[in-house]
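Quick notes on the structure that follows.
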Amino acid sequence: MKTLRLGLFIVVALLQLSVPASAIWNRHRTLTQGRIWKFRTAPVDPVDAFRGRYIALGFVADEVPRSEPLETTGKIYAVLKEGPDGFAEVETLSSTPVLGDNVIKVGTGYWDRNNNIQNIVFPFNRYWVTEKIAPEAERAYVANSRRQRQNAYLTVRVRDGDTAVEELYIDNQRLRDYLRAHAPR
């Protein structure tokens with residue numbers, strides 16, 4: 001009887017460990033094997049006193065021209081293409097599952113009836129930073145993502161619909177390199 005309980009305990013423990021291990025393995029594969037996409041950021045209101053230390057990101061590609069709103073309440077699939085400037089653009093939206101290294105599961109946002117634009121919500125709209133560099137990172141991002149000066153972008157790896165944020169770039173430099181180069185002396 002004790003061996004049965006021990007065996008059952010081991011099976012349950014292994015099952016419980018397999019769920020986070022699978023998520024970690026999938027994220028690792030996406031980061032190492034996924035295709036890199038660059039998303040040009042757009043200005044957002046960076047103040048949120050309740051959520052901790054991150055940079056709130058907005059994207060130019062989250063506004064998709066369409067002739068009619070996308071009628072769905074669940075996830076939708078954004079099929080990406082690389083624009084002439086090397087940045088990701090949304091080619092089409094689909095309510096049916098699509099696979100590929102150019103497909104991201106996104107949420108639906110609002111429909112802009114006046115301009116025929118479907119707003120979508122990317123799953124990577126926050127870039128987490130340490131408490132120590134958060135104020136400088138936020139100032140640098142805001143200064144470099146204004147309408148007159150949009151030279152911040154995010155690289156994201158995509159593999160079969162799974163996404164993994166790689167790095168935030170400001171003025172073509174990784175965030176930590178930019179902050180180091182522009183630190184007060």
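The values are calculated or read from the model by the stated rules, or taken from the named source; none is laboratory data. What you see is a predicted model; the values in this text were computed from it and never measured. Reconstructed Cβ throughout: ideal geometry from the backbone, glycine too, with neighbour counts over all protein chains shown.
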TODO: Take the range 116-157 and flag every residue that is without any contact (Cβ under 8 Å) to a residue 12 or more places away in the chain and outside any strand (DSSP E or B).
DONE: Lys132, Pro135, Arg139, Ala143, Gln148
Task: Unmet criterion (only one of (1) within 23 Å of Val64 (Cβ to Cβ); (2) at pLDDT 90 or above) for Arg180 - done: (1)
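Please tell me if Thr108 is within 22 Å of Val156 (Cβ to Cβ) and without any contact (Cβ under 8 Å) to a residue 60 or more places away in the chain.
Yes, satisfied.
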TODO: Could you check, for the range 107-117, whether at least one of its residues is charged (D, E, K, R), in contact with an Asp or Glu (Cβ under 8 Å, 6 or more places away or on another chain) and farther than 22 Å from His28 by Cα?
DONE: yes
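Would you mind finding the one in Thr32, Thr92, Thr96 that is more than 17 Å from Pro123 (Cβ to Cβ), at pLDDT 80 or above, part of a strand (DSSP E or B) and more than 15 Å from the chain's Cα centre (by Cα)?
Unique residue meeting the criteria: Thr92.
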- [ ] Only residues that are surrounded by fewer than 14 Cβ atoms within 10 Å (Cβ to Cβ), outside any helix (DSSP H, G or I) and not charged (D, E, K, R): list them for the range 174-185, please.
- [x] Ala183, Pro184
- [ ] Could you tell me whether Thr92 is exposed (fewer than 14 other Cβ atoms within 10 Å of the Cβ) and under 21 Å from Leu31 (Cα atoms)?
- [x] no
TODO: From (1) modelled with pLDDT of 85 or more; (2) exposed (fewer than 11 other Cβ atoms within 10 Å of the Cβ), pick out the condition that doesn't hold for Lys81.
DONE: (2)
TODO: Go through (1) surrounded by 15 or more Cβ atoms within 10 Å (Cβ to Cβ); (2) assigned to a strand (DSSP E or B); (3) at pLDDT below 85 one by one and return the number of the condition Tyr110 breaks.
DONE: (1)
